[in-house]
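Everything on this sheet refers to the single structure shown next.
The values are calculated or read from the model by the stated rules, or taken from the named source; none is laboratory data. Predicted, not measured: the structure shown is a model, and the values here were computed from it. When we count neighbours, we look across all protein chains shown, and the Cβ atoms used for this are built from the backbone with ideal geometry, even at glycine.
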Amino acid sequence: MIFYFSATGNSKWVASQLAFILGESLVSINDSLKKGLTDCQYQLSEDERIGFVFPVHSWGVPTLVLKFIKHLELQGYENHQVFAVCTCGDDAGYTNSILKKALERKGLPLDQCFTVQMPNTYIVFPFFDVDSQEVESEKLENAQLRIKKISKEIVDGINNKSLYHKGVLPFLKTRLIYPIFKKCATGKTKFHASNRCTRCGLCKDICPTLNIKTSNGMPYWGNNCVQCLACIHNCPVKAIDYGEITVKKGRYHFKRRKNG
Ligand SMILES: Cc1cc2nc3c(=O)[nH]c(=O)nc-3n(C[C@H](O)[C@H](O)[C@H](O)COP(=O)(O)O)c2cc1C
């Protein structure tokens with residue numbers, strides 16, 4: 001059983017590939033969050049594995065994934081293999097140790113943790129933008145090979161640390177920047193929609209925290225944003241911006257990628 005969270009499709013794709021290769025079922029954390037985490041009880045069969053696939057957010061685990069894990073109840077759990085795959089634009093810092101602690105609190109040991117580099121989606125900070133077409137293609141090509149390698153390690157039950165990319169200064173990134181991100185990037189937000197908005201309502205439908213409401217069809221954001229960036233990247237007409245900082249930046253969604 002593979003639980004996945006995804007804002008812009010990368011982790012969903014990785015989770016689907018793994019589920020296909022490993023013969024595991026898929027559970028969307030996004031759907032569960034939208035139902036208010038009222039359906040977090042799952043029955044495990046004897047021979048399945050437990051997997052978590054999600055994007056790295058500021059060198060840590062997205063707060064929504066931590067929230068889901070807190071509510072998770074796995075019936076029939078008896079030392080099943082537990083693995084995680086973190087997707088990231090570059091590197092993951094010590095995301096693995098944050099996840100390990102969260103799972104341990106639920107009595108689940110994290111047996112294996114891997115990373116897969118995917119096209120970058122973080123665009124709300126100066127100098128951060130989506131990848132060029134070349135970088136995007138290269139990452140996706142490498143990702144396919146990496147997923148095959150990871151699947152093999154999962155089947156063999158090997159914890160191969162070389163398939164986890166923590167990057168440089170992981171301590172600084174995870175222990176200092178991640179807590180600041182969690183504090184500052186959640187809650188009230190600078191997202192707004194321009195007059196390009198067609199009032200299609202997609203942003204409202206996909207927001208995992210139900211933070212987007214509409215007035216006469218025009219979206220407005222409440223105080224429960226976690227900066228997953230699903231809204232800004234999914235908007236089909238590029239009508240959403242974060243303050244002014246994203247005006248000249250690209251947008252990315254796995255399904256609508258340039259090379260898709
Ligand atoms: C809020 C936020 C923070 C991010 N932080 C990191 C990071 O610390 N390191 C990194 O390599 N990529 C980072 N990224 C990029 C994503 O992890 C990456 O693009 C991921 O594959 C997106 O997955 P998704 O499409 O399933 O949401 C961040 C993206 C967002 C939206």
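Residues that are surrounded by 19 or more Cβ atoms within 10 Å (Cβ to Cβ), modelled with pLDDT of 95 or more, at positive phi and of a type in the set (A, V, I, L, M, F, W, C) do occur in region 45-63, at least one of them.
LYS238 fulfils the conditions (1) closer than 30 Å to LEU22 by Cβ; (2) in a loop (DSSP other than H, G, I, E, B) except for a single criterion, (1). When LYS101, LYS67 are checked against the criterion of being in the same structural domain as LEU172 (by TED's automatic domain parsing), free of Cβ contacts under 8 Å to residues at least 40 places away in the same chain and under 17 Å from the mean Cα position of the chain (by Cα), LYS67 stands alone in meeting it.
Take the residues in region 1-49 that are in a strand (DSSP E or B), in contact with a helix residue (DSSP H, G or I) (Cβ under 9 Å, 6 or more places away or on another chain) and in contact (Cβ under 8 Å) with a residue 40 or more places away in the chain, then tell me which one is nearest to ASN234 (Cα to Cα). Per the criteria, the residue is TYR4. If you go through region 1-29 one residue at a time, how many are closer than 17 Å to HIS57 by Cα, more than 7 Å from the ligand (Cβ to nearest atom) and out of contact with any strand residue (DSSP E or B) (no Cβ under 9 Å at 6 or more places or on another chain)? Selection size over region 1-29: 0. Elements of the type strands (runs of 3 or more DSSP E) sitting completely within region 77-195 and holding at least 2 residues that are within 14 Å of the ligand (Cβ to nearest atom) and surrounded by 19 or more Cβ atoms within 10 Å (Cβ to Cβ): these cover 82-88, 112-117.
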